[in-house]
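Working notes for the structure below.
The values are calculated or read from the model by the stated rules, or taken from the named source; none is laboratory data. Note that this is a predicted model, so its numbers are computed, not measured. Positions of Cβ are generated from backbone atoms using ideal geometry, with glycine treated the same way; all protein chains shown enter the neighbour counts.
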Amino acid sequence: MAAAGRGDAGADPASNPGTVAVCFCESTPLLWRAGDVRTARQTGVVGTLMGSLARQPRQNCRLGRPLELLREEARLLADAGRAVLLSSSRPKSTGAANPELVKQHQEQMDQSYSEQSQLAQQDKKAVLLRVMADKKQGSNQSDQALQERLLALDHGFTFPRTAMAVQLNTARAGMSYGPEELRFLAADSLSPRDERQEARYRVFRDLRRRGFYLTTGGKFGGDYLVYPGDPLRFHAHFIAICLPMDEALSLCDLLALSRLGANVKKTVLLCSPGAEPEEVLYTSLQWSGMV
Amino acid sequence: MAESNTSVSCSSDNFYSELLSPSELFAARSRSHKIPARGQKEFLPDGSARQRERLQQSLEEHWSLISEERVERLGALVKGEWIPSKNVVVLKSPAGKFWQTMGFSEHGKQLLLPEEALYLMECGSVQVFLHDLPLSIQEGYEMFLSKDTVNLQQYQVFSHLKRLGYVVSRFDRSTVPSHYERQLNLPPERDGHGRQLKRKRSRSPSSQLPDGQGGVAGESLEMRGGETKSQRANPEDGAAGLSEPEAERMVEDVPVPSGVPERRWWVEGGADLPQSPTRPRHRGWVWETITLPDLGAHRCQPALAAPDPSLLPGRLSVGVCAMEPWLRRLNLRPERLSRRERERERSRYRRDVNDDREVRHCRSWAEYHELRRRRRNRHGRRNRPEHLWEGKVTPLLQPGQHTTAGDVLDKIGVVGASRLLDGAAGLEDSEGWKISFDVFQPDTVAEFKKSSPGKPYSRLCVCSFEGPVPDLRVLKQLAFQSGDVPVTFAVVDHGDISFYCFKDFQLPTDTSH
């Protein structure tokens, strides 16, 4: 796979456009790169952002990367061949600094510093010139003062190192720790552990195929919230609850679910994978009177 | 590995490289810090162009927000270094404003816990290095979060609350005062340095006895020792000095190897304390050997022997204590009571239960109970008609026995009131349920002191919807661990967090008593 762009070393696995790199943190699949989040959304995988937003980190209304994926979402992406599953091992405590990389980083910083200081100087000059142009009609003395300042800029401009702007990378930038510390996971690491998880995946896949968008529905007492369009613009219509076909549901639970759906104005959808491999059966609950 | 070429400026349509060029970094200084408000959502997609357009606009806004990278001035960043072996970040430059509520000092260095460091990295306040290379947020997540530190779900709750302004710190069981300590209402410990990592309950000094195995743990001994100390400090009556410790004084029967040296507290002049190394002794204070002479008794020693100099601080030495002047201060005059008072004493107050002949005939507690029951029955017989009380079904109450309505309700109640902490003391730790964090309110941040944070607003237990709902046993155990601070359950559902708490509730009764 060819490396694209700057900073990516040759062995970066997921630099193909159209493929996302799903990185596992403990056992949760996460997407770190902005491009990956966008690609995933184009295939209908919404996920939940769970990090601080770079622009305003101290609020909870809008969060930033990483995007947390459901197991079903990661599995869907992997099955469609659009995802590479990665897991990193923690660095050994006896590891030593890699002098080559440190030198590279240092050079990068120095380069950035010199460029920024040039830019700062040009910026200041531009400001002075603009002031001069505005004061064309002004007195000679102020004009002279400005000329002097311009000259002073050329000779004695200082840009302190602490004023340099530095980027704090969100996603891992290239291969700073060597390829042996990234492990490629096989797709069956996402395979379902029990019948319920299998039911969830089947339902997810089917609903996705029908064009619905799905997000997590724990707060509403169900497995998924089903949206008719992109969750950014539309409200959810259904609360999907996934059950294996032969699992018994007591009447109390049924009543509780209906009541819940009525209270939040969403329809409760009981979903079960059928006998056929691609078949999923749906039952919706509506609370109505006997009048 | 391909050489990285850093001076080529990257075109913005290449999403796979997120590194900013120096010109972009410079331009980022004047970035806006405002977040655009989200518009109203629509109900149904109708395929119209207008909806499509609005969706595109929302999406573009969304992408621009989340693809923004953090850019900070180098002078505003605090430099830190990750130490994998100790799971802490040590600060290499002085800490900023966050030091008021986060971090701790050790050996003169400023340290941050991994979740605090990760949160500060996300805020753009701290840049953490490992092997002289800066860590990205992704690497921070992958390295700092683990089973030994905090896991991803706990970190989600932590950062959620921190973003709202709360002060969140790790829960340390040993800082919770026990019920007895709260009753005593002691002033809080003044710990000059450090926080959770340093503050552990100190072992009682007597735990330095050389026996290694067995024995009651120091903590519980303190607790139980405190509660039973009042019983043990009974002055011995009879002959002073010599004490024959009764078997009933022994509360804990803990096997301890018999090589334990016996301490003598308050060495008597020449008195020999019974040596019984085979009798089980508990670790710590040897209660039977502590004698408190009864100085008010008729035959008491004229003088108390000097204490063992090894027990005194420094080079203090104390001589023999003469009792004569002290006894003179005791009021030993015989009481002169009126006839009526004497009568009352004889009948009510000073009647020794052992004077009763029938009681002396009892050979065991069971017989004594039987005797009392018989006497009670005899007295009550005048009020208890046989047809009511001798049948299979008897009345619940005896008339005249209870006078207030509340009393009556109590007596006839079938289900007794219980509180959450009933029976909670003896429960062992449940699998998987533990309190993770202490939470303090945001408006206390101005006066918050890390060394004495005070009582938290709540304590958090992090769980998920995939796990079981906490049952009564777990609730009791966690409420007991938390002391008098309510426990809140933070349920994490793939990025969404909900908070639940269980409140103790008393059913109202109709009468006030």
If you take the residues in segment B:87-134 that are among the small types (Gly, Ala, Ser) and part of a loop (DSSP other than H, G, I, E, B), which one is farthest from the other protein chains (Cβ to nearest Cβ)?
-> B:108
Cβ pairs under 7 Å, 6+ apart or interchain, first in segment B:62-86 and touching a residue at least 40 places away in the same chain (Cβ under 8 Å), second among the acidic types (Asp, Glu), ordered by first then second residue, are B:69/B:18
Positions within segment A:184-204 being of a type outside the set (Asp, Glu) and within 23 Å of residue A:86 (Cβ to Cβ), in sequence order | A:184, A:185, A:186, A:187, A:189, A:190, A:191, A:192, A:193, A:197, A:201, A:204
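Provide a single number: the residues in segment A:190-204 that are within 21 Å of the chain's Cα centre (by Cα) and either modelled with pLDDT under 90 or charged (D, E, K, R) (or both).
1
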Out of segment B:137-170, which residues are farther than 15 Å from residue A:30 by Cα and facing another protein chain (nearest Cβ under 10 Å)?
-> B:144, B:146, B:147, B:159, B:160, B:161, B:162, B:163, B:164, B:165
So which helices (runs of 4 or more DSSP H) are wholly in segment B:264-370 and hold at least 1 residues that are among the aromatic types (Phe, Trp, Tyr) and at pLDDT 75 or above?
-> B:324-329
Go through segment B:162-189 and give me each residue that's surrounded by 22 or more Cβ atoms within 10 Å (Cβ to Cβ) and assigned to a helix (DSSP H, G or I).
-> B:162
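Filter segment A:219-230 down to the residues that are within 12 Å of another protein chain (Cβ to nearest Cβ) and assigned to a strand (DSSP E or B), then identify the one that is surrounded by the fewest Cβ atoms within 10 Å (Cβ to Cβ). First the steps, then the outcome.
Our first condition is that a residue be within 12 Å of another protein chain (Cβ to nearest Cβ); within segment A:219-230, this holds for A:219-225, A:227-230.
Add one more test, that the residue is assigned to a strand (DSSP E or B), and what stays is A:224-225, A:227.
Values: A:224: 27, A:225: 23, A:227: 21.
Out of the qualifying residues, it is A:227.
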Single residue of segment A:46-62 satisfying the filter (over 17 Å from residue B:32 (Cα atoms) and buried (at least 22 other Cβ atoms within 10 Å of the Cβ)) that is farthest from the other protein chains (Cβ to nearest Cβ) = A:47
Hits in segment A:231-246 (condition: within 20 Å of the chain's Cα centre (by Cα) and either under 18 Å from residue B:496 (Cα atoms) or more than 9 Å from every other protein chain (Cβ to nearest Cβ) (or both)) = A:231, A:232
Counting only residues that are surrounded by fewer than 16 Cβ atoms within 10 Å (Cβ to Cβ) and of a type in the set (Val, Ile, Thr), which one in segment B:445-472 is farthest from residue B:500 (Cα to Cα)?
-> B:445
